[in-house]
Amino acid sequence: MPGLRPLTLVAALLLAGSATAQLVPEELVVESLPEKLPPHWVWVNDVAFFNMSDGRAYLIDADTGRFMGMVSGGYSHLKLGIDRRGDRFVVPGTYYSRGTRGERTDVLTFYATKNLEPGSEIILPPKKYSGLPFVGTSNLTDDGRFMIIYNFTPEQSVTVADLERKALVGEFETPGCALIYPVGPRRFMMQCGDGSMQLANLTADGRVTLGGVSKPLWDLDNPATERAVRISESRWMFFTFDSDVIVVDGSGDQPKVVEKWSLVGPKPDGWRLGGLQPSAYHAATGTLYAVMHQGGRETRKDPGQQVWVFDVRTRKKIRQIDLASPATSIAVSEDAKPLLYAAQFGVPSLHVYDALNGQKLRSIDQLGQTLTYIQPAPVGQ
Amino acid sequence: MNRLDRIAERLARQAARGISRRGLLARLGGLAAAASVPALPVARAQAQTPKQQPGEKGDPSSCDYWRYCAIDGFLCSCCGGSVSTCPPGTEPSPITWVGTCRNPVDGKDYVISYNDCCGKAACGRCICNRNEGDTPIYQPQGANDLNWCLGTQSGVVYNCSTAVVLGAAS
């Protein structure tokens, strides 16, 4: 405005400013969340493999792609113990007094969904399993009363914590057997080194007594992995190195194989289940989602870019979802309009698909470092 | 009992004889393997690199290196150590998982002990995951998804992984 004198310029600016409302002072507050997890919210765990003392979990609204919050999980973070009511969860953590050295403390921390603030604690024996998280490394009983955590020192045991009394119940030896697969209100199965499975029962106050042991349930040359999926209150679906399906029921005196079939059929053409959390089950429709790739046995942990969808009742492949990018972990929301969640260890993104038609809906990027176990919101309680 | 089990059992028996944490290992019933870790925990730096033997070739800082057929983690060869030494200031794990890898130079299979080095944060270099003969974690003697910084004074904090030749597999 070369023709304006300075005073005129100031007046013009003042007039222009008065045309919009002046910003008001703000107050800094902390966000709050719903009391219960909505059906399309999902927790994504990150073991932070490059910085393992800094494990964490991220809470994502998959309908909007918004990052809603997070919790810190300590060293070698496993996964959350999410109560079926969706309003609370516990986090088993390992901490050292000087970060990476000093005195070790294992602790179970209580959280409410509505504020994600750390609450009460239960100090645990400093023996919590350290390694990649799997579905069986820790689990709540279905009613949320007890948290059961697998220990490996390399002695094998489980720790039980009573979430109602907010107290440690104790540590119980499980020699030769590993992991926790709940099969009833006060019962779980474990996988043993010889291919058998062990039953364990909890007393009313949470003490563990070992129950019946099966004969070996799979060939150790083609063993079932620890990357299993629960398909009913008493049944778990296990997958062997060669993608055979073995369904084990834990409702009887000892674990029993009730179904055997194959994801890849008699002519697999190299197709194989792979990943860290390679399958997901949608209970309302009896639908299995399986991450598949082509490769030899040594690729059984590798990512896949196809998701094969099976009707578990007929054991037939009913459709296929071609992922936009490879995945090592998948999960499916529990509601009637299910979303498929997919992530790859080492790639900081969660991808969201329509689980029914396979259409990619959105991605959440800049999400952590080494994503592991995906935990959809519980639905129905 | 397959070959790997026999090897693990033999190693566990050796360990039960040689390591003071005898009760702990004996309870595993042959599941844990203990490597004899020569010259550890302290090896002089000038003697450190590359720690290869005359009868082998390849790049120990590459994931393709023959000894790494069942490894999972950060290669100590990229972290101040080597295939058979831990980086300065870390502590070798006395127990670990084992794999059986074929040396391309002589065509023989060797038992490799993947001892973790512990007590410092993850090195973060040369991440490598190969799963030839790897077992599920309920068969821990051959499982690489476990953190094997166990039985150490410094706790479970994992720094990197070695690949120590224990002997011929046959």
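Just so you know, all these numbers are worked out from the coordinates, no wet-lab data involved. Here the structure is a predicted model, which means the values were calculated and not measured. Methodologically, a virtual Cβ is constructed for each residue, glycine included, from the backbone with ideal geometry; neighbour enumeration extends over all protein chains shown.
In the stretch B:108-140, how many residues are outside any loop (DSSP other than H, G, I, E, B), more than 8 Å from chain A (Cβ to nearest Cβ) and either of a type in the set (Phe, Trp, Tyr) or touching a Pro at 6+ places or on another chain (Cβ under 7 Å) (or both)?
Of the residues in that region, 2 qualify.
Would you confirm whether or not the stretch A:298-320 contains a residue that is assigned to a loop (DSSP other than H, G, I, E, B), more than 14 Å from every other protein chain (Cβ to nearest Cβ) and in contact (Cβ under 8 Å) with a residue 40 or more places away in the chain?
yes
With respect to A:Gly195, determine if the residue is among the small types (Gly, Ala, Ser), out of contact with any strand residue (DSSP E or B) (no Cβ under 6 Å at 6 or more places or on another chain) and either more than 14 Å from chain B (Cβ to nearest Cβ) or outside any strand (DSSP E or B) (or both).
On the way: among the small types (Gly, Ala, Ser): yes; out of contact with any strand residue (DSSP E or B) (no Cβ under 6 Å at 6 or more places or on another chain): yes; either more than 14 Å from chain B (Cβ to nearest Cβ) or outside any strand (DSSP E or B) (or both): yes.
It is true that A:Gly195 is among the small types (Gly, Ala, Ser), out of contact with any strand residue (DSSP E or B) (no Cβ under 6 Å at 6 or more places or on another chain) and either more than 14 Å from chain B (Cβ to nearest Cβ) or outside any strand (DSSP E or B) (or both).
Considering (1) under 16 Å from A:Val347 (Cβ atoms); (2) surrounded by fewer than 21 Cβ atoms within 10 Å (Cβ to Cβ); (3) aliphatic (A, V, I, L, M), say which one A:Met68 fails and leave the rest.
Of everything listed in (1) under 16 Å from A:Val347 (Cβ atoms); (2) surrounded by fewer than 21 Cβ atoms within 10 Å (Cβ to Cβ); (3) aliphatic (A, V, I, L, M), A:Met68 misses just condition (1).
Among the residues of the stretch A:147-165, are any hydroxyl-bearing (Ser, Thr, Tyr), in contact with a Gly (Cβ under 6 Å, 6 or more places away or on another chain) and touching a residue at least 24 places away in the same chain (Cβ under 8 Å)? Steps first, please.
So the first thing to find is which residues in the stretch A:147-165 are hydroxyl-bearing (Ser, Thr, Tyr), and the list is A:150, A:153, A:157, A:159.
Remaining after also requiring in contact with a Gly (Cβ under 6 Å, 6 or more places away or on another chain): none.
No, the stretch A:147-165 contains no residue that is hydroxyl-bearing (Ser, Thr, Tyr), in contact with a Gly (Cβ under 6 Å, 6 or more places away or on another chain) and touching a residue at least 24 places away in the same chain (Cβ under 8 Å).
Among the residues of the stretch B:64-78, which ones are farther than 16 Å from B:Arg102 by Cβ and not hydroxyl-bearing (Ser, Thr, Tyr)?
In the first step, residues of the stretch B:64-78 are kept if they are farther than 16 Å from B:Arg102 by Cβ; the result is B:72-78.
Scanning the stretch B:64-78 gives B:Asp72, B:Gly73, B:Phe74, B:Leu75, B:Cys76, B:Cys78.
Restricting to the stretch B:141-170, give me the number of residues that are closer than 22 Å to B:Trp66 by Cβ and more than 10 Å from chain A (Cβ to nearest Cβ).
Counting residues in the stretch B:141-170 that are closer than 22 Å to B:Trp66 by Cβ and more than 10 Å from chain A (Cβ to nearest Cβ) gives 12.
Listed residues B:Cys117, B:Cys123, B:Cys149, B:Cys160; which is in contact with an Asp or Glu (Cβ under 6 Å, 6 or more places away or on another chain) and crowded, with 23+ Cβ neighbours inside 10 Å?
Criteria check complete, one pass: B:Cys149.
Could you check the stretch A:182-192 and list, in sequence order, the residues that are within 10 Å of chain B (Cβ to nearest Cβ) and either among the aliphatic types (A, V, I, L, M) or touching a helix residue (DSSP H, G or I) at 6+ places or on another chain (Cβ under 6 Å) (or both)?
Within the stretch A:182-192, the subset within 10 Å of chain B (Cβ to nearest Cβ) is A:190-192.
Selection gives A:Met190 alone.
When A:Val248 is evaluated against the numbered criteria (1) surrounded by 23 or more Cβ atoms within 10 Å (Cβ to Cβ); (2) away from chain B (no Cβ under 14 Å); (3) of a type in the set (Val, Ile, Thr), which criterion, by number, is the only one it fails?
(2)
Looking at A:Leu210, A:Leu179, can you tell me which residue is of a type outside the set (Phe, Trp, Tyr) and within 14 Å of another protein chain (Cβ to nearest Cβ)?
Exactly one residue qualifies, and that residue is A:Leu179.
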